[in-house]
Structure formats: C-alpha cells, structure tokens
Amino acid sequence: HPANEADTARVYHKIHDAVARHRAEGFFGQTGGAPSFNTRLNELSIFDMAKGFGGAMLVMILVLLFLFRHWTGVVGPVLVIFMVTTWTMGLMSFLDMSINYITSTVPIFLVPISLADAIHVQSMYRDNRKRGMSNEEAIITTMGITGIPIIYTTVTTMIGMLSFQFASIQPVIDLGSFAAFGVGAACIITVGLIP
C-alpha cells in the first residue's frame with residue numbers, strides 16, 4: 001500500500017533530521033530518491049505559490065489604484081480575489097486534496113480571472129454614473145451589459161479547464177477541476193458582490 005503525500009513528507013523530514021544530526025567535519029550526508037525529491041518539490045511549490053500570489057496581489061492593487069484612482073476601486077476586486085481563493089483552496093482542503101507542484105498554480109491563475117470580471121463591472125458602472133445615471137440605474141444597466149459576456153467567458157474558460165479531465169496525470173486533472181471551480185466562483189462572487 002503506497003504512502004500518501006503527508007506520510008511521505010513526515011518520513012522525509014524524520015530522515016532529513018537524522019541525517020542533519022550526524023553531520024560533522026568531513027562527513028556530509030544527503031537524502032535522495034523520489035520521495036525526497038517529490039516532498040521537497042512540493043514544499044518549494046507551496047513557498048513559491050505564496051510568493052507568487054503575494055506578488056500578483058501587490059501588482060494588482062497598484063494597477064487598480066492607477067485605473068480607478070480611489071481606494072473603493074480596489075476593495076471590490078480584492079474581496080473577490082480573496083473570496084474566490086478561499087472557496088477554491090477550502091474546497092481542496094475539504095476534499096483532502098494536497099497542494100503539489102501543479103495544483104499550487106491554481107490561486108495565481110485565479111487572480112487575473114477574478115480581476116478581469118470585477119474590472120469589467122466596475123469600469124462600466126463608473127462610466128454609467130459619469131453619464132448621469134442614478135446608482136440603481138447604473139447597476140442595472142451595467143449588469144445588463146456585462147453580465148452575458150462575463151457568463152460566456154466563465155463557461156468557455158471552465159470548459160477549457162475541465163478538458164484537463166482527459167489527462168493521464170492526476171495532479172493535472174485536479175488542476176483542471178479546481179481551476180474550473182474557481183472560475184465559476186469568480187463569476188458568482190463578482191455578480192453577487194461588486195454591484
């Protein structure tokens with residue numbers, strides 16, 4: 001019975017600690033093999049995911065401040081991104097799916113998807129307000145104009161991600177499933193939260 005990733009990581013760390021305790025002048029032991037490689041690769045992927053997500057968020061906030069010139073133009077998209085990421089990573093955790101070097105790209109992938117939906121709605125709303133529409137009229141008009149394109153892009157992106165189900169590698173299949181879920185969540189949260 002093969003060990004799962006969590007058990008493999010525990011064994012790797014125990015062996016790594018034992019090897020580190022026995023290092024001395026002129027003696028330097030190292031761990032090797034597929035379990036060691038995969039465990040370390042997954043740990044580095046999670047670390048890189050955190051750095052990449054943080055970097056993407058920083059760039060996104062700066063771009064939103066430049067585009068909308070006000071903090072209110074930043075709050076909505078940031079909330080959408082955090083909610084989409086929380087829902088998606090929460091679903092992965094609920095289904096006891098571990099983050100690996102392939103699925104670690106899901107949160108970073110969801111940042112521009114979530115951002116694009118939110119920017120479409122916000123920019124159209126602001127344009128409608130500048131034309132003199134009331135708040136309610138601007139929201140209704142904005143959702144009438146942007147709603148269908150957002151739904152179409154969501155559906156086509158989800159279909160593209162779900163096509164990963166035909167892959168032969170389980171992490172690629174998982175990537176497609178959770179990315180598709182995140183794209184759908186981005187649409188629902190944008191349409192529900194931004195207006």
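The values are calculated or read from the model by the stated rules, or taken from the named source; none is laboratory data. For clarity, every value in this text was computed on a predicted model and none was experimentally measured. Because the Cβ atoms are built from the backbone with ideal geometry, glycine has one as well, and the counts that use them run over all protein chains shown. SASA here: full protein model, heavy atoms, side chains in, ligands and nucleic acids out. Shrake-Rupley method; radii C 1.70, N 1.55, O 1.52, S 1.80 Å.
Counting pairs of alpha carbon atoms under 8 Å apart in space and at least six apart in sequence, what relative contact order in percent does the chain give?
Relative contact order of the chain: 23 percent.
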With x for Gly and Pro, the residue-by-residue ³J(HN,Hα) of the range 101-114, computed from phi through the Karplus equation 6.51 cos²θ - 1.76 cosθ + 1.60 at θ = phi - 60° and given in whole Hz, is 5, 9, 6, 5, 7, 4, x, 5, 5, 6, 4, x, 5, 5
Which one of PHE53, PHE28, PHE109 has the biggest mean-square fluctuation once the chain is modelled by GNM with Cα springs under 10 Å? PHE28
Note to self, the chain gives a 222 nm [θ] from helices alone (DSSP H runs n ≥ 4, -39500 (n - 2.57) apiece, / all residues, nearest 500) of -27500 deg cm²/dmol
Leaving out ligands, DNA and RNA, and with a 1.4 Å probe, what % of the accessible surface on the chain is carbon or sulfur? 69 percent
Tell me, in nm to one decimal, what length is gained between THR31 and PHE166 on full extension, where the rule is 0.36 nm per residue of separation less the Cα-Cα distance? 45.1 nm
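Based on a Kirkwood Rh over C-alpha pairs, give the Stokes-Einstein translational diffusion coefficient of the range 63-171 at 10 °C and viscosity 1.306 mPa s in µm²/s.
It comes out at roughly 99 µm²/s.
Accessible area, 1.4 Å probe, largest first: how do TRP87, TRP71 sort?
TRP71, TRP87
Within the chain, what is the longest stretch that has no trypsin sites (Lys or Arg not before Pro) placed in a DSSP loop and near at most 11 other beta-carbon atoms within 10 Å?
The segment 132-195 is the longest one with no such site.
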